[in-house]
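These notes are about the structure you will find just below.
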Amino acid sequence: MDFPKLLQNEQEIECRVRELASELDDYLGEGDVVVGVLKGCLPFLADLVRELRHGIEIDFLALTSFQENTGRVRLTRDLGIDVAGRNVLLVEDVVDTGFRLNFLRNHLETHQPAEVRVCTLFDRSDRRVLPVEVEYSGFVLQEGFIVGYGIDHLGMFRNLPSVVSANQAILDEEFAKGESKLVDEILKIAHGKETVKC
């Protein structure tokens, strides 16, 4: 069996989120807007905004998954608040090829904000196809397939406090057979307690 591996534990994520919030306090001011991209950003965004010093507003965007063989996405939820003339922080869980981020940045610009910056928990810069800018990133990621802390697979694992890398092919094979050995191992690893000082 190809065993999963702990990539970032709960304490490491907590420490890095606190550091990011400190950096963001220099950019975001009173009344600025944090925009999350549903659904993967939720744990990260929730932890991040609780660490910010200034009063900000929060809103969300949602997209369809990439349409096979097209590289296209479609907006399914737009902003509900006016961001014109305000700084906007776009929060993502993972940025990789840049296609999705490029689409989101271009869309946000149509709302005429003062500025848009991006904050992602994981930056897969080695997979970048479009040269999009990511101003704030928690961790540089080189693992192929990860789950936890908002990042799912078939709707599972978003609630895990840690991020675990695993073999997607084996996981899919187990799902198809109704087995759960790898799932159980992922859950065990993600909930393991390890103390890290910030």
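The values are calculated or read from the model by the stated rules, or taken from the named source; none is laboratory data. Note that the structure is predicted; figures quoted are calculated from it, not measured. Don't worry about glycine lacking a Cβ; one is built from the backbone with ideal geometry, like all the others, and counts go over all protein chains shown.
Here are a few things to note about the model shown:
- Annotation note: of Leu141, Leu130, Leu75, the sole residue that is surrounded by fewer than 17 Cβ atoms within 10 Å (Cβ to Cβ), of a type outside the set (Ser, Thr, Tyr) and touching a Phe, Trp or Tyr at 6+ places or on another chain (Cβ under 7 Å) is Leu130.
- Residue check, Phe44 surrounded by 13 or more Cβ atoms within 10 Å (Cβ to Cβ) and more than 30 Å from Lys188 (Cβ to Cβ): no
- Failed item, numbered, when Glu143 is tested on (1) over 16 Å from Leu89 (Cα atoms); (2) free of Cβ contacts under 8 Å to residues at least 40 places away in the same chain; (3) of a type outside the set (Phe, Trp, Tyr): (2)
- Screening the candidates Leu20, Leu28 for the property of being part of a loop (DSSP other than H, G, I, E, B) and either at pLDDT 95 or above or under 13 Å from the mean Cα position of the chain (by Cα) (or both) yields one hit, Leu28.
- Selection count where residues are within 20 Å of Val83 (Cα to Cα), among the acidic types (Asp, Glu) and buried (at least 19 other Cβ atoms within 10 Å of the Cβ), scope the range 7-41: 1
- Tally of residues being in a strand (DSSP E or B) and in contact with a Gly (Cβ under 7 Å, 6 or more places away or on another chain) across the range 121-148: 2
- All of (1) in a helix (DSSP H, G or I); (2) within 21 Å of Val164 (Cα to Cα); (3) touching a strand residue (DSSP E or B) at 6+ places or on another chain (Cβ under 7 Å) hold for Cys15 with one exception: (3).
- Figure legend. Inter-residue proximity from the range 104-132: first residues under 22 Å from Glu23 (Cα atoms) and among the hydroxyl-bearing types (Ser, Thr, Tyr), second residues modelled with pLDDT under 95 and in a loop (DSSP other than H, G, I, E, B), beta-carbon distance below 9 Å, spacing 6+ or different chains. Indicated pairs: Ser125/Asp96; Ser125/Leu141.
- Residues being among the aliphatic types (A, V, I, L, M) and free of Cβ contacts under 8 Å to residues at least 60 places away in the same chain - total across the range 3-25: 1
- Residue match in the range 76-94 (condition: part of a helix (DSSP H, G or I) and either of a type outside the set (A, V, I, L, M, F, W, C) or at negative phi (or both)): no
- Residue selected from the range 176-198 under the condition at pLDDT 90 or above, closer than 17 Å to Gly148 by Cβ and not aliphatic (A, V, I, L, M), by the criterion surrounded by the most Cβ atoms within 10 Å (Cβ to Cβ): Glu185
- Flag if Leu171 is outside any loop (DSSP other than H, G, I, E, B) and crowded, with 21+ Cβ neighbours inside 10 Å: yes
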